[in-house]
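Colleague: Quick one: the structure is below, and I'll ask about it shortly.
The values are calculated or read from the model by the stated rules, or taken from the named source; none is laboratory data. Fair warning: this is a prediction, and the values are worked out from it, not measured in the lab. Backbone-built Cβ (ideal geometry, glycine too); neighbour counts: all protein chains shown. Only protein heavy atoms, including side chains, enter the accessible area calculation; ligands, DNA and RNA are left aside. Shrake-Rupley method; radii C 1.70, N 1.55, O 1.52, S 1.80 Å.
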Amino acid sequence: MKTTLVIFGITGHLAQSKLLPALANIIEAGDIGELSIIGVSRREVEQFTVLGEHHHQLNGTTSMLQMDVENPDDYAKLKDYISAGEGEQVLFYLSVPPEYAANIIEHLGQSGLNRAPNKLLLEKPFGTDLASAQEMIDHTAKHFDESQVYRIDHYLAKEMAQNVVMFRATNAIFRHLWSNKYIESVDVMALESVDIEGRVDFYEQTGALRDIVQGHLMQLLALTLSDIPDELNWDTLPALRLMALESVQPADPRYCKHAQYQGYRDEVNNPDSNVETFVSLKLESTDENWSGVPLTLTTGKALDAKKTEVRVNFKRSHDAHSNSLVFKIQPDEGISIDLLVKKAGYEREVQSQKLSYMYPSDTRLPEAYEQVLVDAITGRKSLFASSGEVLRSWEILAPVQRAWQSQDGIQTYKKGSDYHDIINS
Ligand code: BG6
């Protein structure tokens, strides 16, 4: 089927840093059928400048359309410009600040561009809390059927996040061990060494809880806790993730921590900002397989290292050591298991070692946004968040959102800190 991909916000940070490189790779790989890209921007811009280093791969496939997304009349112009024929699909990718999304959706609906097989690709944030997420979902549902809506959480599409599912589904040893009978705790973390990278307005409205925890970390947790059947059908994954999240209980603010890196207030030019750049939450599930297992989600900016991983810690059989299975989402994508082995030599000494698999350095791991785009084009929804998942994650976070809103001041940490030090201070 021929696909037209309309990108609203082609000159923005996301399109430039993630979507265009992903599209360049997809087109180079060349197996998704006929594709044309329309880049929408408010200002008149040179296509050559917009495509930058990807001009060579995307030039013949891409064209630019100048339109005001707030002006309903411009959607007739868009419709004429697209001129999709019978059986062709148009994907609308909203790579725009959240305040524009509702109007664009409405105008697409009113101009008839919402008809199947067309699809709507939405970027987070999906609301800012439970009530606004519900409002956004209801508004979207007035114009697009849920089957046409692709809510992007690019963490779900990371190679190693998919591997959490694949590994669990296919390795019998771990299938047998996957419950509170053998698992002591689960830690999900996305630590970043970068700061907010100049995204002042975005971050002041968002903060780490909304930016990373509500979607990315909740989804990694859901993949880890979901009840994967013997015969896994990937299409059922959103429903399995939702079931897992439904058993995770609303967060208790007493066991949750937030903090802000020093210098943040100057950077955003707001001396009173209490926006958090670090979050650590302790959650629990009432699922019979998971009750009693502490589930920790941690994220932060301007830390000492970049590391995203899911760490499953197994129960100890004697004093000190717990075997941990680690899904290294990034960097050094792979899987490792901490083991104790005999130290070589005449003495009976024990030492800690890792059994690990890392993808060979010459393996090309597709970027998450490549997978997102390919799956949206081919209509595979397993790596997109359903409305139910979005709402449940906000429900889980609601108590901490309330508690933090009413709190004065915020703990701070030095840039380059180790996350343990922030949690323990
Ligand atoms: C984005 C957040 O969703 O994910 C950013 O808005 C964050 O703040 C980014 O830096 C991290 O993504 P990745 O793929 O580099 O881990």
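Colleague: Given R₀ = 41 Å, what would the calculated FRET efficiency be for H13 paired with N180, taking r from the Cβ atoms and rounding to 0.05?
Modeller: The pair H13/N180 has a calculated efficiency of 0.50.
Colleague: OK, next. Distance between the C-alpha centers of segment 273-311 and segment 14-51? Whole Å please.
Modeller: 34 Å
Colleague: Taking the chain as the reference, fit the longest principal axis to its C-alpha atoms, fit the long axis of helix 159-170 to the helix C-alpha atoms, and give the angle between the two in degrees, 0 to 90, nearest 10.
Modeller: 60 degrees
Colleague: Where both partners of a DSSP beta bridge lie in the chain, what percent of those bridges are antiparallel, to the nearest 5?
Modeller: Details: 38 of 73 bridges.
Counting only bridges with both partners in the chain, antiparallel ones make up about 50 percent.
Colleague: If one takes the longest principal axis of the Cα atoms in the chain, at what angle in degrees, from 0 to 90 and to the nearest 10, does the Cα axis of helix 98-110 lie?
Modeller: The two axes meet at around 50 degrees.
Colleague: Related question: Can you compute 3J(HN,Hα) from phi for each residue in segment 267-274, using the Karplus curve 6.51 cos²θ - 1.76 cosθ + 1.60 with θ = phi - 60°, rounded to whole Hz and x for Gly and Pro?
Modeller: Per residue, the Karplus-derived 3J(HN,Hα) values read 4, 8, 6, 9, x, 9, 4, 10 Hz.
Colleague: Considering only C-alpha atoms, what is the centroid distance from segment 172-233 to segment 329-358, in Å?
Modeller: 24 Å
Colleague: Here's another thing I want to ask about it. Along the charge dipole of the chain, pointing to its positive end and built from +1/-1 on Cβ of Lys, Arg, Asp and Glu, which listed residue (P21, F167, Q214) has its Cα farthest out?
Modeller: Farthest along the dipole direction, towards plus: F167.
Colleague: Under a Cβ-Cβ cut-off of 14 Å, what is the net charge of the residues other than P229 that fall near it, where Lys and Arg count +1 and Asp and Glu count -1?
Modeller: Working: positive: R168, R175, R241; negative: D227, D230, E231, D235.
Combined, the nearby Lys, Arg, Asp and Glu give -1.
Colleague: Once the cut-off is 16 Å, how many percent of the Cα-Cα pairs in segment 304-390 end up in the long-distance tail?
Modeller: Details: 2659 of 3741 pairs.
That tail contains 71 percent of the Cα-Cα pairs.
Colleague: Now, a different point. In segment 328-409, what GluC sites (Glu not before Pro) fall in a loop by DSSP, with at most 16 other Cβ atoms inside 10 Å? Intermediate values should be presented prior to the final figure.
Modeller: Details: sites: E333, E347, E349, E367, E370, E389, E395; in loops: E333, E347, E349, E367.
Answer by residue number: E347, E349.
Colleague: Build a GNM of the chain with springs between Cα atoms under 10 Å: which of A376, A116, A222 gets the top mean-square fluctuation?
Modeller: Among A376, A116, A222, the largest GNM mean-square fluctuation belongs to A116.
Colleague: Take Q351 and K142, extend 7 Å from each Cα along the Cα→Cβ direction, and tell me the distance between the two endpoints in nm.
Modeller: Between Q351 and K142, the simple spin-label model gives 6.7 nm.
Colleague: Have a look at L297, L340, L240 and tell me which one the Gaussian network model of the chain (Cα, springs below 10 Å) gives the largest fluctuation.
Modeller: Looking only at L297, L340, L240, the biggest GNM fluctuation is shown by L340.
Colleague: Mind checking which of Y255, Y369, Y203 has the largest fluctuation in a GNM of the chain, springs on alpha carbons under 10 Å?
Modeller: Y255
Colleague: Looking at this model, which pairs from K2/K124; K257/K301; K307/K343; K124/K158; K158/K307; K257/K415 are more than 19 angstrom apart at the alpha-carbon? Don't skip to the answer; put the middle values down first.
Modeller: Numbers: K2/K124 27 Å; K257/K301 14 Å; K307/K343 29 Å; K124/K158 16 Å; K158/K307 14 Å; K257/K415 17 Å.
As for pairs spanning more than 19 Å Cα to Cα, those are K2/K124; K307/K343.
Colleague: In whole Hz, what ³J(HN,Hα) sequence does segment 126-135 give by Karplus (6.51, -1.76, 1.60; θ = phi - 60°), x for Gly and Pro?
Modeller: These are the phi-based 3J(HN,Hα) values: 8, x, 10, 6, 4, 5, 6, 5, 4, 4 Hz.
Colleague: Something else now. At a 1.4 Å probe radius, carbon and sulfur cover how many percent of the accessible area of the chain?
Modeller: Details: 9420 of 19630 Å².
Exposed carbon and sulfur together represent 48 percent of the surface.
Colleague: Leaving out ligands and nucleic acids, note down the accessible area per residue over segment 319-388 with a 1.4 angstrom probe, in whole Å².
Modeller: Working: 4000 Å² over 70 residues.
About 57 Å² of surface per residue is accessible.
Colleague: Something else now. Express in nm, to one decimal, how much length is gained between D408 and K342 on full extension, taking 0.36 nm for each residue of separation and deducting their alpha carbon distance. It would help to have the intermediate numbers written out before the result.
Modeller: Working: separation 66, 0.36 × 66 = 23.76 nm, distance 5.26 nm.
Length gained between D408 and K342: 18.5 nm.
Colleague: Could you work out the percent of alpha carbon pairs in the chain separated by over 26 Å, rounded to a whole number?
Modeller: On the way: 52697 of 90100 pairs.
Percentage above 26 Å: 58.
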